[in-house]
2 protein chains.
Amino acid sequence: MRAPIGVFDSGVGGLTVLAALRRHLPHESFLYLGDTARLPYGTKSASTVARYARQTARVLVDRGAKLVVIACNTASAVALEDLAVHLAPLPVLGVIEPGAAAACAASPTGRIAVIGTDSTIRGGAYERAIARRRPEARVLGRPCPLFVALAEEGWCEGPIAEAVAQRYVGDLRRTGDDPEAIDCLVLGCTHFPVLRGAIEAAVGPEVILVDSAETTAKAVHQVLERKGLATDAEGPGDITLLATDGPERFARAGARFLGLPLRPGAVSLVDL
Amino acid sequence: MRAPIGVFDSGVGGLTVLAALRRHLPHESFLYLGDTARLPYGTKSASTVARYARQTARVLVDRGAKLVVIACNTASAVALEDLAVHLAPLPVLGVIEPGAAAACAASPTGRIAVIGTDSTIRGGAYERAIARRRPEARVLGRPCPLFVALAEEGWCEGPIAEAVAQRYVGDLRRTGDDPEAIDCLVLGCTHFPVLRGAIEAAVGPEVILVDSAETTAKAVHQVLERKGLATDAEGPGDITLLATDGPERFARAGARFLGLPLRPGAVSLVDL
C-alpha cells in the first residue's frame, strides 16, 4: 500500500520534519499541509489550536493519509491526545514525545536544555515529557524566538546567525567540570534544524544536540513497522504540498526547510 | 471634549505610533487595540484584513473614539478607504499617506527607499502614494522582516542589531556623488522606530530617515485642529490598552514600543 503519511504544521517549519521523514523513509509518499492562513499557532489558545489541528488533520485523512504527524511543537503540546482519540485507530505522532525520549536517552547527567518559541517554552510540554521518563532530570527551558525569523529569512549561517546563537545559548557551553552544566540541548522548534551549525558552534562539541525532526522520523518508522503500515512499493515516493494561504510564498520559503528546490506552482491552495 | 483617539494594530508595533501621538498631543486621551488573537495581518488576504479592520475599529468607536488611526501598514494599505467610508464622518488616518508625504517633502532628489515587512513592500502602497505626490520620484522597496523579530525581542541596539541593519540597508549609504543613490529612507513598519539608531548607523548621516509614526502623529494633530476635535482639557490624558489575546504578553512586549513601563494588568482583554 502506498497511502501517504500526512504531516501538518502552521507553516513551513514542519518541512524540516518532512525532510527527515524522507531521509528515513524514502519509499513512502507524503502529504504536507501548512496552515499558513492561520499561523502562528503559538499565540492562540489551546482550544483554538486543538480545533485547527482537527481541521487540518481531517484534510490529510480525507486524502488517504495512513498516519498523521503533527510537525508543530505548539499543536503537539496541546492537541496530540485529542487528535489521537478523534482519529483512532489511525496513528498520530507529535514531535515532543520523540524529542523528549531522545534527550533522556542521550544525556549522561540528565541536565537538559530545551530551546523553542516563547509559547513552547512557557507551556512546559518538553519539561513534563522529560520528567515522565526521567524524574531526576533537570530541564532548562529557554525561548529563542529570533531563530524562527532567521530561519525564515534564510540567514542560517554566517556572522549574524552565529552572533544570535552565541547570545541565546553561548552560556551553555561546558567549561571545566561544572556539575550543573547541561550536556544535551533539544531543538524544540521545527524551524531550528536549519540553524544547527550556528547552534553547535555556540554550545561547543561537548553538548549533544537532539533534533526533534530526526527523532520524530525514527518514531514514525517504528510505528509503520509495528503496525504493518510501511509501503511495499519500490522507488521513491511522492510529495504533495498544500497550504491554506499564499502557496507561492510557501514554496519560496519552504525550499530551504525541505532542502529541495520547489517550483512556484509546487504548492496547492486548500480551503479549510 | 475629552473623547479618546482610537488607535489599532494587529499587535504591539502600533504602540510606536501611540508613543508619537502622546508626544505630540499630551492632553489627548488614547484607546489602543492590538488584535493579537489574529496577528499577523501581513499574511492574510486584503478582504480578510479589511473585515478585521472594521471589527477592531468598531470596538474603538463604540467606546467613544473621536478619530481612528490605523497604526498598521498592512491595514492602512488595504483597509483605509473602506474604513473611512464605513465610519464617515469620523476621521480615519493610516500610516502610509503621512509617511509618503513626509518622504516626498524631505527628499531633495526624489530617490527614496522604503523598508517594511514582506507584505508591505510587495503590496507597493508606499510606491503608489509617493508616485501620486511626486511622479518623477524613484522608489526602492526593500523587505526587512528580521527587524520585526529584533524589535519584538528587544534587541534594539548593540552588535546584532547593527549587523542586521548593515546587511539590510548598509548598501544604501551614500558614497561620493552617485546620482542614483537614495537620500531618504522611510521606516515603513510600525516596529522599526525602536531600531532607528542601528538603521541610522548603517545608512549614515546623509540619508534622511522618515519615521511614519512621527509623521502620522503630526497628521492627526492637523486633523484635530482643522475639525475642532482637539481636547480643551488640561493635564495629561489617559491611555487605555486593549488586546484580543494574551494581554500579559502584550504588556511585556508593549512597554518597549510605547516607551513606558506597563504593569502586567495594564492591558485588558476584549473579544471581537
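Just so you know, all these numbers are worked out from the coordinates, no wet-lab data involved. Note that the structure is a prediction, hence the values are computed from the model and not measured. Quick reminder, even Gly has a Cβ in these numbers, built from the backbone with ideal geometry, and neighbours come from all protein chains shown.
A few comments on the model shown:
- Relative to the other identical copies, B:ALA106 shows label-point distances of 4.7 nm, where the label point lies 7 Å from Cα along the Cβ direction and values run shortest first.
- Counts of other chain beta carbons within 10 angstrom of each beta carbon in peptide A:155-162 average 2.
- With its label point put 7 Å out from Cα toward Cβ, B:HIS86 sits 3.0 nm from the same residue's point in the other copies, in order from shortest.
- Point-charge dipole on Cβ atoms (K/R +1, D/E -1) for the protein assembly as shown, about Cα centre, debye to 20: 1020 debye
- For the pair A:ARG263 and A:LEU140, a Förster radius of 45 Å applied to the C-beta separation gives a FRET efficiency near 0.60, rounded to the nearest 0.05.
- Relative to one another, the C-alpha centroids of the range B:101-143 and the range B:157-229 are positioned 12 Å apart.
- Sparsely packed loop sites in the range A:177-227 (the trypsin sites (Lys or Arg not before Pro) outside DSSP H, G, I, E and B with at most 16 other Cβ atoms within 10 Å) comprise A:LYS227.
- Since only B:PRO236, B:PRO108, B:THR74 are under comparison, the one whose Cα sits farthest along the positive direction of the charge dipole of chain B, derived from C-beta charges on Lys, Arg, Asp and Glu, is B:THR74.
- Among residues other than A:ILE130 with Cβ under 15 Å from its Cβ, the summed charge is +3 (Lys and Arg +1, Asp and Glu -1).
- Other residues whose C-beta falls under 12 angstrom from the C-beta of B:ARG252 contribute a net charge of 0, scoring Lys and Arg +1 and Asp and Glu -1.
- Highest-first packing order for the peptide set A:211-217, B:204-210, B:151-157 is A:211-217, B:151-157, B:204-210, based on the mean count of other beta carbon atoms within 10 Å.
- Across the copies of the chain, A:ALA201 has label points (7 Å from Cα along Cα→Cβ) spaced 2.0 nm apart, shortest distance listed first.
- Other protein chain C-beta atoms within 10 Å of residue C-beta, averaged over B:79-92: 0.
- Placing unit charges on each Cβ (+1 for Lys and Arg, -1 for Asp and Glu) gives the range A:130-232 a dipole about its Cα centre, and among A:CYS144, A:GLN166, A:ILE199 the Cα reaching farthest toward its positive end belongs to A:CYS144.
- Longest to shortest principal axis, alpha-carbon extents of the range B:1-56, angstrom: 37, 21, 17
- Other residues whose C-beta falls under 10 angstrom from the C-beta of A:ALA202 contribute a net charge of -1, scoring Lys and Arg +1 and Asp and Glu -1.
- Helical runs assigned H by DSSP (4 residues or longer) give chain B a calculated mean residue ellipticity at 222 nm of -14000 deg cm²/dmol, each run adding -39500 (n - 2.57) before division by the residue total.
- Amide H to amide H distances under 5 Å link A:VAL114 with A:LEU140, A:GLY141, A:ARG142, A:VAL186, where only residues 5 or more positions off or on other chains count and H is placed in the peptide plane.
- Packing here is the average count of other Cβ atoms within 10 Å per residue, and on that basis the peptides B:132-144, A:86-98, highest first, run A:86-98, B:132-144.
- Amide H contacts of A:ILE208: A:CYS184, A:LEU185, each under 5 Å away and 5 or more positions distant or on a separate chain (H built 1.01 Å from N in the peptide plane; Pro and chain starts excluded).
- For the range B:129-209, the alpha carbon convex hull comes to 91 Å³ per residue, rounded to a whole number.
- Karplus-derived 3J(HN,Hα), 6.51/-1.76/1.60, for each residue of the range A:235-246, Hz, glycine and proline x: x, x, x, 8, 10, 10, 10, 10, 9, 8, 6, x
- Averaged over the residues of A:41-48, the number of partner chain Cβ atoms lying within 10 Å of the residue Cβ comes to 2.
- Rounded to the nearest 20 debye, dipole of the range B:1-49 from Cβ charges on Lys, Arg, Asp, Glu: 40 debye
- Nearby lysines by direct alpha-carbon distance to B:LYS44 (threshold 30 angstrom, same-chain neighbours under 8 apart not counted): A:LYS44, B:LYS66, B:LYS218
- Long-range amide H partners of A:LEU33 with built H, under 5 Å: A:VAL7, A:PHE8, A:ASP9, A:LEU242
- Point-charge dipole on Cβ atoms (K/R +1, D/E -1) for chain B, about Cα centre, debye to 20: 520 debye
- Over chain A, relative contact order from alpha-carbon pairs under 8 Å, at least 6 apart, %: 27 percent
- Long-range tail of P(r) for chain A (Cα pairs > 26 Å, %): 38 percent
- Most to least packed among A:256-269, A:181-194, B:228-241 [average Cβ atoms within 10 Å]: A:181-194, A:256-269, B:228-241
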